[in-house]
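One structure is given here, and the rest of the page talks about it.
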Amino acid sequence: MTWGVVVFPGANCDRDCVHVLRAVLGADVAEVWHADRSLDGIDALVLPGGFSYGDYLRSGAVAATAAVMPAVRAFAASGGPVLGICNGFQILTEARLLPGVLMRNRSLRFQCHPVWVRVESTATPFTAGLRLGDVLEMPIAHGEGAYLAPPETLDALEAAGRVVFRYCDARGRVVASANPNGSAAAIAGVANAAGTVVGLMPHPERASEALLGSADGRRLFESAAAWLAARRPATSGAAR
């Protein structure tokens, strides 16, 4: 089982993701350069956070046109699990692999602090091992993290159970004071229709070891690893 972590120029969280997957989870990891055109041998893919291409234009807009993205689209279309974290979430929306957009924070300031999110769906590889209503503590670090979409899109996401994470307080209550960026309906993460592509603004890789103050984020990676293991060899890298 091999995880792929895509490395974009300007990204600064790819090393964190590689560390968690390789040193904490003990997984095989392939670092995928943005100019690569193949994801052969990859079983699960992470688009990490950072400032890809300096966040010129809109955050994630340039990365969405990178040479690797046709392979990412094909991987997602084949049912491969894809996790977009922060800038990775922005890339997934810019590439139209997820609906909606990430806009400037309501405060118009960069926000960098721990938040709590509530698990709203377990119908994804990254939450299949969690329980509905679980409250996770993870940090955010973004200037453009307000998730917005037309009302009809938001309604469709809610109706289909595609809202995966929602900002909440430490007790799991969805209150205005717990929404750090002005996201519609306090949405912190969403999934595609199949549930296999997930984007979220908080950083699970920065909350995967107790030394960092929380190990809640590790549960997302462990969940996906268990999800993949239960489906091998059908989704193994060797079979792709």
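Numbers at a glance
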| read-out | value |
| --- | --- |
| Residue among Ser236, Ser183 that is hydroxyl-bearing (Ser, Thr, Tyr) and either under 30 Å from Arg106 (Cα atoms) or at pLDDT 95 or above (or both) | Ser183 |
| Flag for Ser183 being without any contact (Cβ under 8 Å) to a residue 12 or more places away in the chain and polar (S, T, N, Q) | no |
| Candidates Asp169, Asp155, Asp216 - the one that is touching a residue at least 40 places away in the same chain (Cβ under 8 Å) and surrounded by fewer than 19 Cβ atoms within 10 Å (Cβ to Cβ) | Asp169 |
| Selection count, the range 76-113, where residues are assigned to a helix (DSSP H, G or I) and either in contact with a Gly (Cβ under 6 Å, 6 or more places away or on another chain) or touching a residue at least 60 places away in the same chain (Cβ under 8 Å) (or both) | 9 |
| Residue ID - surrounded by the most Cβ atoms within 10 Å (Cβ to Cβ), chosen from residues in the range 49-75 that are modelled with pLDDT under 95 and assigned to a helix (DSSP H, G or I) | Ser52 |
| Some residue of the range 206-223 being under 17 Å from Ala128 (Cβ atoms), part of a strand (DSSP E or B), at pLDDT 95 or above and not β-branched (Val, Ile, Thr) | no |
| Those strands (runs of 3 or more DSSP E) lying entirely in the range 127-179 with at least 1 residues out of contact with any Lys or Arg (no Cβ under 7 Å at 6 or more places or on another chain) and of a type in the set (Asp, Glu) | 135-142 |
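The values are calculated or read from the model by the stated rules, or taken from the named source; none is laboratory data. A quick note: this is a predicted structure, and the numbers were derived from the prediction, not measured. Neighbour counts are summed over all protein chains in view; Cβ atoms, including those assigned to glycine, are modelled from backbone coordinates with ideal geometry.
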